[in-house]
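Below is one structure, written out as structure tokens, with a few remarks after it.
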Amino acid sequence: MKNRRLIRIASVLAAGTAAISGLHAAVTDTSRSPAEGAVASRSPDLQIVTKLAQGSSAEIELGRIVKSKARNPAVKAFGQRMITDHSALLADATRWASERRITLDATPGQEEKKIIDRTARLSGDDFDRSYIEGMLDDHKKDVAEVARFIAAHPDSPATGLLKQALPTLEDHLRVAENVAGQIGVKPDAGLTRS
């Protein structure tokens, strides 16, 4: 009788603990937004916003290097613009994540770090050309990826943010093409970078 009673108490405690654990998980799930619904950690929304944030951080870091190393004034001006515009894009991406109670990793990824390091080792005209080639390549890819996401996910939580970012990215591409022409880089040169 005493053993049955202990087993019953243990069963009630186990069921209660499981219920409390489930309730705790539901309450502390910071990836859920009342206004927008769930944004899971591996969702396409979070992936593309993280990519936007990491890319913006890399553009800011490269822009700072450009300010000190570029020879051509148009390249320097473009680098400053990358700092200004990508700081705003990074703030928008961070705000988007914060509204959904998500911590966004905006640290440049390994590929971005390699590009930053490789570009920083150059100097003079080689630096200017390499930087602009990289900007052409990067912004062509970014514009295409963001446009594809918007078309494929028109009702997605990230689509509003990306619709705001797309004109800036398109403008960066146009300006990079213009600067490329000024320094003798073919507009399609960025596509052949290694």
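Structure notes:
- Restricted to region 88-99, and to residues there that are more than 13 Å from Q164 (Cα to Cα) and touching a Ser or Thr at 6+ places or on another chain (Cβ under 8 Å), the residue that is surrounded by the fewest Cβ atoms within 10 Å (Cβ to Cβ) is E99.
- Only one of the numbered conditions (1) assigned to a helix (DSSP H, G or I); (2) of a type in the set (A, V, I, L, M); (3) within 16 Å of the chain's Cα centre (by Cα); (4) surrounded by fewer than 21 Cβ atoms within 10 Å (Cβ to Cβ) is not met by A77, and that is (3).
- Assessment of region 123-134 against the conditions (more than 19 Å from G79 (Cα to Cα) and of a type outside the set (F, W, Y)) yields no matching residue.
- Verdict on D85 being surrounded by 19 or more Cβ atoms within 10 Å (Cβ to Cβ) and assigned to a helix (DSSP H, G or I): yes
- Scanning region 115-155 for residues that are surrounded by fewer than 13 Cβ atoms within 10 Å (Cβ to Cβ) and within 22 Å of A180 (Cβ to Cβ) returns R121, S123, G124, D126, A144.
Values quoted throughout were computed directly from the atomic coordinates according to the rules given, and no laboratory measurement underlies them. This structure is a prediction, so every number in the text was calculated from the model and none was measured. Neighbour counts run over all protein chains shown; Cβ positions are idealised from the backbone, glycine included.
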